[in-house]
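First comes the structure, then the notes that go with it.
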Amino acid sequence: MSFVEYSDCIQDGDVAIVYLGHESMTPVKVKRGAQTQTRYGVIRHSTDLIGQRYGSKVTCSKGGWVYVLHPTPELWTVNLPHRTQILYTTDIATITMMLELKPGSVVCESGTGSGSLSHAILRTIAPTGHLHTVEFHQQRSEKVLEEFKEHRVDHMVTVRNQDACKDGFGVTGVADAVFLDIPSPWEAVRHAKAALKKHVLE
Ligand SMILES: C[S@@+](CC[C@H](N)C(=O)[O-])C[C@H]1O[C@@H](n2cnc3c(N)ncnc32)[C@H](O)[C@@H]1O
């Protein structure tokens, strides 16, 4: 499993989305020997999850059932732990289109926040693109890096714990697009200009 590649079967170490209903889903770290409690009873990872196909209907110990879904950026956006306000999928779709993102794009983003937009960018620019994301809140930058590792997208992203308005994005002349979701975006415009590829500015 990776957030940028589809796998058929659930494996130890995956993050799967347990879907109880449209208003009730939860991300689960799949671990041999572990159990997840739901209102329909227990899900035993070793027997109920590992080796099953993504999308399967899994019967819990009280007889109720859930679907176990492959993670996507869209499902992550509605299930992620909120550390900030986040961008939702309708706005992310517009941003992706207006920035003309595609596989191979190099993107700069600030702030990373809860990583909702970041996950969608990564899926769009995979497998050869790169995201440079800047977050000045140390714990947020550490937590999102942990999530990128768990979601197996960390090879495509550089997280920088710095102030985008003072210190910029840490790269010069490489970005196809820059997106700012910070309170004073105008203060980062000169750094955005420095990060962009020359031909993007022409
Ligand atoms: C609204 S949140 C971003 C949400 C993100 N787009 C998402 O979808 O999850 C704004 C984030 O920007 C960070 N931030 C604000 N000003 C910043 C700056 N000058 N440099 C870096 N990060 C900044 C905040 O700490 C916060 O985490």
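The values are calculated or read from the model by the stated rules, or taken from the named source; none is laboratory data. In this text, all values refer to a predicted model and were calculated from it rather than measured experimentally. Cβ placement follows ideal geometry from the backbone for every residue including glycine, while neighbour counts extend to all protein chains displayed.
With a requirement of 3 or more residues that are modelled with pLDDT of 95 or more and surrounded by 19 or more Cβ atoms within 10 Å (Cβ to Cβ), the strands (runs of 3 or more DSSP E) lying completely within region 1-64 that satisfy it span 15-21.
Taking region 70-125 as the search range and keeping residues that are surrounded by 23 or more Cβ atoms within 10 Å (Cβ to Cβ), within 25 Å of Met25 (Cα to Cα) and of a type in the set (A, V, I, L, M), which one is farthest from the ligand (Cβ to nearest atom)? Within region 70-125, the match that is farthest from the ligand (Cβ to nearest atom) is Leu122. Just one residue in the set Val159, Val178, Val200 is in contact (Cβ under 8 Å) with a residue 60 or more places away in the chain and either within 15 Å of the ligand (Cβ to nearest atom) or not in a loop (DSSP other than H, G, I, E, B) (or both); that residue is Val178.
From the list Pro103, Pro81, the lone residue that is more than 22 Å from Val15 (Cβ to Cβ), of a type outside the set (S, T, N, Q), modelled with pLDDT of 95 or more and in a loop (DSSP other than H, G, I, E, B) is Pro103.
Scanning region 65-78 for residues that are among the aliphatic types (A, V, I, L, M) and assigned to a loop (DSSP other than H, G, I, E, B) returns a single hit, Val78.
The set of residues in region 162-175 that are of a type outside the set (Lys, Arg) and within 9 Å of the ligand (Cβ to nearest atom) comprises Gln162, Asp163, Ala164, Cys165, Asp167.
Going by the structure shown, is Ala195 touching a Leu at 6+ places or on another chain (Cβ under 8 Å), within 15 Å of the ligand (Cβ to nearest atom) and assigned by TED's automatic domain parsing to the domain that holds Thr90?
no
Checked against (1) in contact with a Gly (Cβ under 9 Å, 6 or more places away or on another chain); (2) of a type outside the set (A, V, I, L, M); (3) closer than 11 Å to Val68 by Cβ, Thr36 passes all but a single condition, namely (1).
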